[in-house]
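Here is the structure we will look at, set down as structure tokens.
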Amino acid sequence: MPKTCPFSSNNNSEVRYNNYLQLDKILTAQRPLSNLDGEYLFILVHQVKELWMDFINKEIFFIKRELDISTSSIKGICERISRITLIFNQLISAWDVLNTLDLAQYKSFRDNLGNASGIQSLNFRLFEFLLGNRDKEDLKYSNDIELEKLEEEATKPSVYDEIIQKLLSPIFSIDSEVIDRDYCKKHNKNLSVSNAWKSIFENKDKYGDLFLLGKSLILLEEKIIMWKSKHIEIAKKYIEKQKGTGETEGVEYLKQKRGYSFFPELMKLKAFI
Ligand code: HEM
């Protein structure tokens, strides 16, 4: 162990739990503007989600790098996707904790949020961009640094694009308009991609790994929809028909966002898994 170990508070190089986990930073990063427990909880739920989202994005970057190499391991990719799906279970159950606040408790600190809104979350937007949900409209909530990052990502293929290009197109006939598409736009459902997945799902023995990959993507999208649905329920409870703090139409905006499908061809094949 080097003497300069960053986790050690003294020179005897002992790694201590508090230092290793940087607890002094994490446990002092909750700064409610009121002394109300509800606001503390509200901040905490968001922070935990940011930590998980940051990790999820790192996992997606790993998957993209794996897809870039010719010897990519489909099994390894499936494992990472399944891990992300499991993290979504945590994010989904966090809504139940937040839901323990009653309306009056939420209202008591809502004004403290000003125009701060989850819509400004870079991690969340990056997550959606990496999976392929790219809407120019979403960029208007970003600052210059965030914008640069998101615009750069928008010029690159999404994870789903890469799966189609690198894993499906060498085996199945995929339309050139899908392969050469403009990555800044959303991926639209395509018949050649649907047919490829259908062949895979109907011939599980022949395409075992690809079947597992398709299945893991379906399970992930289902969890994302569940997370979004719980968010809508929460928003209905606390703000009803009011606008969001980010100035959108509130619940209607969230419903419209939930309507987007990342893997539209696969979601039609749910009955096969
Ligand atoms: C009382 C609780 C909450 C309410 C009423 C609420 C409401 C809303 C509304 C209305 C929007 C649309 C944008 C806007 O106009 O502000 C939004 C966006 C968003 N919120 Fe919440 N929210 C709540 C809690 C949370 C929590 C706890 C999280 C994270 C764990 C979160 C994450 C997000 C994200 C990521 C977006 C962007 C969604 C997208 O663009 O698709 N929200 N929220």
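When the range 250-267 is examined, which residues are found to be touching a helix residue (DSSP H, G or I) at 6+ places or on another chain (Cβ under 7 Å) and under 13 Å from Ser194 (Cα atoms)?
Across the range 250-267, the qualifying residues are Phe263, Glu265, Leu266, Met267.
When only residues in the range 134-147 that are part of a loop (DSSP other than H, G, I, E, B) and surrounded by 15 or more Cβ atoms within 10 Å (Cβ to Cβ) count, which is nearest to the ligand (Cβ to nearest atom)?
Checked the range 134-147; the qualifying residue nearest to the ligand (Cβ to nearest atom) is Asp135.
Which one of Leu131, Leu150 is under 26 Å from Phe263 (Cβ atoms), touching a Leu at 6+ places or on another chain (Cβ under 7 Å) and either modelled with pLDDT of 95 or more or surrounded by fewer than 15 Cβ atoms within 10 Å (Cβ to Cβ) (or both)?
Leu150
Have a look at Ser176, Ser216, Ser194, Ser229 and point out the one that is touching a Ser or Thr at 6+ places or on another chain (Cβ under 9 Å), of a type in the set (S, T, N, Q) and either away from the ligand (no atom under 16 Å from the Cβ) or without any contact (Cβ under 8 Å) to a residue 60 or more places away in the chain (or both).
Ser216
Taking the range 163-215 only, how many residues are assigned to a loop (DSSP other than H, G, I, E, B) and either touching a strand residue (DSSP E or B) at 6+ places or on another chain (Cβ under 9 Å) or of a type in the set (A, V, I, L, M, F, W, C) (or both)?
Matching residues across the range 163-215 total 4.
Just checking, how many residues over the range 79-112 are under 16 Å from the mean Cα position of the chain (by Cα) and of a type outside the set (D, E, K, R)?
Number of matching residues: 14.
Is there a residue in the range 247-256 that is of a type outside the set (Asp, Glu), loosely packed, with under 15 Cβ neighbours inside 10 Å and modelled with pLDDT of 95 or more?
Yes: the range 247-256 contains one or more residues that are of a type outside the set (Asp, Glu), loosely packed, with under 15 Cβ neighbours inside 10 Å and modelled with pLDDT of 95 or more.
Being under 18 Å from Leu101 (Cβ atoms) and either more than 6 Å from the ligand (Cβ to nearest atom) or not β-branched (Val, Ile, Thr) (or both) is the filter here, so list the residues in the range 237-249 that pass it.
Lys237, Tyr238, Glu240, Gln242, Gly244
Yes or no, residue by residue, for (1) among the aromatic types (Phe, Trp, Tyr); (2) under 17 Å from Asp209 (Cα atoms); (3) away from the ligand (no atom under 11 Å from the Cβ); (4) not in a helix (DSSP H, G or I):
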{"site": "Phe61", "(1), (2), (3), (4)": "yes, no, yes, no"}
{"site": "Arg65", "(1), (2), (3), (4)": "no, no, yes, no"}
{"site": "Ser72", "(1), (2), (3), (4)": "no, yes, yes, yes"}
{"site": "Ile77", "(1), (2), (3), (4)": "no, yes, yes, no"}
{"site": "Arg80", "(1), (2), (3), (4)": "no, yes, yes, no"}
{"site": "Leu91", "(1), (2), (3), (4)": "no, no, no, no"}
{"site": "Asp96", "(1), (2), (3), (4)": "no, no, yes, no"}
{"site": "Gln105", "(1), (2), (3), (4)": "no, no, no, no"}
{"site": "Asp111", "(1), (2), (3), (4)": "no, no, yes, no"}
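Taking only the range 256-273 into account, find how many residues are more than 10 Å from the ligand (Cβ to nearest atom), among the basic types (Lys, Arg) and part of a helix (DSSP H, G or I).
The qualifying residues number 1.
The values are calculated or read from the model by the stated rules, or taken from the named source; none is laboratory data. Treat the numbers as computed from the prediction; the structure is a model and nothing was measured. No Cβ is skipped: glycine too gets one built from the backbone with ideal geometry, and neighbour counts run over all protein chains shown.
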